Structures are given as structure tokens and as C-alpha cells.
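The block underneath contains the structure these notes are about, expressed in C-alpha cells.
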Amino acid sequence: MKLVALFDDFLKEVVNINSTRLGLLTDGVYAIKKFIRRSSYAPRIRTFYKQGSWAHQTIIRPVGGGEYDADLLVFVDPVNGWTAKDYVEKLYDEFAANGTYAGKVKMWEYCVTIEYAGDRKIDIAPCVVDRLWAGQGHEVCNRAEDQFHESRPIDYTTWLIEKNGYSGGNSFRKVTRLLKYLRDYKLTFTCQSVLLTTMIGEQIEWMDQGKTNYSDVPTALLTLISRLDVWLQANPHKPQVRNPKLSSEDFSTKWTEAQYQNFRNCIHRYRDWIEQAYNSESRDESIKLWQKVFGDEFGRSANVLAQKADTASVLAETLLPTTGAHRDSLVEIVKKAGLSILPNWFFAPPYLKQPQWRIEGEIIKSIKVVAEWRPGKESNEVTRVSAGDALPARGGLWFDVRQWNATPIPDGYRVEWRVANTGAVAIAQNAQRGGFYSSQRQNRRWEELRYRGIHMVEAFVIRTSDDVLVAQSDPFGVVVE
């Protein structure tokens, strides 16, 4: 059986990197960019560019609490007299001389790495633009060989986006995450992410657009691992895996022949297991077969999930005094079980201010609040946030509002925001809120994340010509750790 809902849960709860970790990466990258721009590093900085699984949106949550990382390219103008190693070594010197980064920085062949307490790291690689002539392109710097090597990171990312579009439904990215999880969970084969991602992408063609073999995640998984297996079986010895946008770069050099043979055998075996799980007509049997592939974290039964939710709901109600000063325990419960366990009255505490605008006819209820996390109000680093995501108590959210068809509120209307804090921390800081606040930029509002608790934001749309309330959103719940 396909068990589409269980795959969606598995991706969300186990495989996909969570917003807290993404926030930490974004925060770290923002600080690093600021540091490099303000440092005495000689090359003129053109721009920064994400690279690797972070840029490709195939990054996964570390299995077993391991490290997760981000790759950052620094596009720079050439410096007269510098060789390839200078760009890496002098960037390292800047970090090593700084008190914040001195104990965290390491230097490698192509990059400088900042390691944070053993759980995450950020690789920063200089990339020289138009070194020999205008329009030459980008070159990364091999410190060990003191050589420049051509690179096309933007073209490669564009290729992946194109492949993902052909598969539809973000299928390429989701399948890539699942196979990376399989690699890290099973530990039965070796395959670097860029190599794995490229081989999966090569199995997708433009003719695949709109086809049913990508209709959902398990179907797309079976389609792509089957195609990959067929290609591997047709290559009894290690083939070349060229960068699709730079033919001189062969990703297969990251393998030995023995590692390739092992990978080939493992994919053949896992394809067979996936086919069995997909084709099983028994739900219970299918769950067991999918667990054979992905482990016990996959497919916890709906009954178990419901039982956990019921237990959490009962416990939640014991922690909800009407003052809104709930205990910290509630945050952990909601992080695990979701906002749905909270009773409706939680989102209408007695200290909420009531709207004072005139009402004519029925209030539109189909508008929706959307949010973006940023490390600072003016930062260009953006992470999309869904209601109920657990967020760190730093940075903030830009809130906006959309109509039912995802379009902005039209001209002639303004948005007022009702913001409510709950939790013992906010109340202890005399920061409990429940009133209305104006939009700051067009119809958007910025709110900092400071206090541990479960907070909420609602949008009210008022017609400016006569001050009539015409629309109101549902509460958008924010869980601050």
C-alpha cells in the first residue's frame, strides 16, 4: 500500500530538517556574512550564494543526533598577485584572529569551516569571479594544489529546480531526502550527497511532467529507485557521473570501485523491498514492510498517534489556567502533539481586546495569516514558517495575510493585528498582550520572538473608506521554545 499520509508524517516528523535547526543555520550564516563584509579580507565581496543540500532543499534532519551543515560560497573579485591558496588561507586568518570564531574555525582543501558545539557547521568557500577575463565565470580555490577549478553552482542549482518541476509536487526533493535518510539510517552504503542527488535527478525527464508515476511520495519513490536500479544494473562497473552543467567534473571520483559495487547491490535490494511494501494489500503488513526499509520511526499506527494525542489533550487541559500563565510543560506537549490538542477556548483568552469596528453583513473567514522567520527585522535571510512550528526565542516573524486564492489584500483595505501572549514567562515579565496593533509595511507586521510559550496572531481587514470590518483570520499559533 502507498500509505501516503504516513509518508507525509514521516517526512515532517523524522526526515525533514526542523525550523529550529534551520533557524540556527540561518542565524549563523547571517552573522558570518556580516563578519566577512566588515573584516579586512582583501577581495571585494560580490555576493554570497547557498550551495549543497541547503540550497537545493534536500537537507535532512541528522540521524541519531549527528551534525548538519550548510555550504556558503563567497563570490569575490580577483586580487592581483594572489594564487588559489591565498583566498582560502587568508579567509581562515580572518576568522582565526577573531575572538568569536577562533576556537571554532578549521581549514580544508577548498573551504573554511565554522563548527558550532559539535552539532552543526558552516563551510565557507571562496569563489573567484572572472579571474582572467570578463565573462570567464566562477572558480573555486584548491588550497592543497594551489589551483583554480571551474565551478557552476548557480547552473547546477537551476538544473535541480528544473528536475523538481518536471516531477511535480516537490517529488524530486522529497525522494532525495528519503534516500539520504535511508543512507544515513542503514549505514549500508557510501554515497556523497551531490553524487546521489545527481543520479536521482538524471532519472527525471521533461516528458515526466503531469504523469501519474509521480502522483504522491511513495509512487515517486518507487518510480525513481526503480529507474536508478535499472541504470545501475546496466553498468556492472563504476560509470562516470558528470556534473550536468560542467562536463569536466565527474562526481563518480568520490567512489572507489568497491563502494560503487556495494551501492549497486544495496539499491537493487532496497528497490525489491520498496516494491513489496508498495504492492502489499494489507495495511498492517505494508507498514511492517516499509519499516523494513526505513525503520520503526515510519508508520506509527493511527491508533497510537490518536492515543498520544488524547493523552496530551487531557494533560494540556490540566495546564491551562484562564490567566494564560500556563506552565512550561505545555510547550513540550504541543511541540510533540501539535496545536490541534489545544481546546478552542485556549485561542480566546479572557484578556483579548474585542474589535470595535462596525460590521455590515457576514465577516469573511477565508483569509489566512502567513509568516516568515528572519534573524533580524531587515535581514534578507528568510525561512517560511507554518502555524505550530517550534521556534527559538530569537529573531522574529514577519506576518502577512492572504485571500483564499493566495493573493494579497487589495487596495482600499488595511490590516490590523491582534497579538496575544500566553505563558508564565511573558506574564512574569509583565508582557502579556491581547490588543490590536497596526501594520508596519503595507499589510505586514513584525513581531520579535522573546518569551517561551504559545502565542497567537490574528488579522482583521478593515475597509478604509468607512472603517467597516470585512474579514478576520483564524488565530495563527506560534510555539516559542
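Report the semi-axes of the equivalent ellipsoid for the stretch 103-169 in whole Å, largest first, where each axis is √(5λ) for an eigenvalue λ of the Cα gyration tensor. Walk me through the numbers on the way to the answer.
Details: eigenvalues 136, 103, 13 Å².
Ellipsoid semi-axes (Å, largest first): 26, 23, 8.
So what's the projected area for the stretch 140-199, the Cα convex hull averaged over all directions, in nm²?
5.5
Expressed as a rounded percentage, what relative contact order does the stretch 53-191 have, with Cα pairs under 8 Å and six or more residues apart? Don't skip to the answer; put the middle values down first.
On the way: 199 pairs, mean separation 35.8, N = 139.
Worked out over the stretch 53-191, it gives 26 percent.
Given contacts defined as C-alpha pairs under 8 Å and at least six residues apart, what's the relative contact order of the stretch 359-428, whole-number percent?
30
Between the stretch 190-207 and the stretch 338-385, how far is it from one alpha carbon centroid to the other, in angstrom?
Computed from Cα coordinates, the inter-centre distance equals 40 Å.
Send over a whole-number figure in Å² for the accessible area per residue of the chain, probe 1.4 Å.
On the way: 22740 Å² over 481 residues.
Counting only protein heavy atoms, the per-residue value for the chain is 47 Å².
How big is D, in µm² s⁻¹, for the stretch 338-387 by Stokes-Einstein at 20 °C and 1.002 mPa s if Rh is the Kirkwood radius over C-alpha pairs?
143
Net charge around LEU24, counting only other residues with Cβ within less than 10 Å of its Cβ (Lys, Arg = +1; Asp, Glu = -1)?
Around LEU24, the surrounding residues sum to +1.
Return the long-range amide H neighbours of ASN16 (sequence gap of 5 or more, or a different chain), with a cut-off of under 5 Å between placed amide H atoms.
Counting only residues 5 or more places away or on other chains, the set is ARG61.
Taking θ = phi - 60°, what integer Hz values does the Karplus form 6.51 cos²θ - 1.76 cosθ + 1.60 yield along the stretch 41-54, in sequence order, with x for Gly and Pro?
Coupling constants for the stretch 41-54: 4, 5, x, 6, 7, 7, 6, 10, 9, 5, 9, x, 5, 5 Hz.
Whole-Å semi-axes of the chain's equivalent ellipsoid, largest first, each the root of 5 times a Cα gyration tensor eigenvalue? All intermediate terms of the calculation are to be shown ahead of the outcome.
On the way: eigenvalues 351, 203, 95 Å².
They are 42, 32, 22 Å, listed from largest to smallest.
Which of the aspartates and glutamates could be linked to LYS335 by a straight reach, that is with a Cα gap under 16 Å, when you skip same-chain ones fewer than 8 residues away?
Within the straight-line cut-off, LYS335 pairs with ASP9, GLU13, ASP310, GLU317, ASP389, GLU481.
Put a dot 7 Å past each Cα toward the Cβ at VAL4 and ASP155; how far apart are the dots in nm?
3.8
Please list, or write none, the lysines whose alpha carbon is within less than 16 Å of the alpha carbon of LYS34, excluding same-chain residues fewer than 8 places away.
Straight-line reach from LYS34, under 16 Å: LYS50, LYS377.
Go ahead and estimate [θ] at 222 nm for the chain from helices alone: -39,500 (n - 2.57) per DSSP H run with n ≥ 4, summed, over the residue count, rounded to 500.
It comes out at -11000 deg cm²/dmol, rounded to the nearest 500.
On the protein heavy atoms, probe 1.4 angstrom, tell me the percent of accessible surface of the chain carried by carbon and sulfur. Present the calculation step by step, with values, prior to reporting the outcome.
On the way: 10790 of 22740 Å².
Carbon with sulfur: 47 percent of the solvent-accessible area.
Any chance you could get the radius of gyration and Dmax over the Cα atoms of the stretch 22-171, in Å?
Cα only, the stretch 22-171: 16.0, 49 Å (Rg, Dmax).
Need one number: nm distance between label points at ASN279 and GLN192, each 7 Å from Cα along Cα→Cβ, rounded to one decimal.
About 3.7 nm, to one decimal.
Quick one: which residues, 5 or more positions from ASP119 or on another chain, have an amide H under 5 Å from its amide H? H modelled 1.01 Å from N in the peptide plane, none for Pro or chain starts.
HN-HN under 5 Å from ASP119: empty list.
Taking only C-alpha pairs under 8 Å that are 6+ residues apart, what is the relative contact order of the chain in percent?
12
State whether the stretch 100-242 is rounded, prolate or oblate according to the following rule on the C-alpha gyration tensor (a ≥ b ≥ c being the square roots of its eigenvalues): a/c under 1.5 gives rounded; otherwise a/b larger than b/c gives prolate, and the remaining case gives oblate.
prolate
Describe numerically, in nm with one decimal, the distance between label points set 7 Å from Cα along Cα→Cβ at LEU11 and at ASP411.
Distance between label points: 3.9 nm.
Quick one: Kirkwood hydrodynamic radius for the stretch 355-456, alpha-carbon pairs, angstrom, one decimal?
15.1
Enumerate lysine pairs in the stretch 89-245 that are 8 or more residues apart or on different chains, then count those whose Cα atoms are under 17 Å apart.
8
The values are calculated or read from the model by the stated rules, or taken from the named source; none is laboratory data. Here the structure is a predicted model, which is why all the values come from computation and not from measurement. Neighbour counts are summed over all protein chains in view; Cβ atoms, including those assigned to glycine, are modelled from backbone coordinates with ideal geometry. For the accessible areas, the whole protein counts, side chains as well, though only heavy atoms, and no ligand, DNA or RNA atoms are used. Shrake-Rupley method; radii C 1.70, N 1.55, O 1.52, S 1.80 Å.
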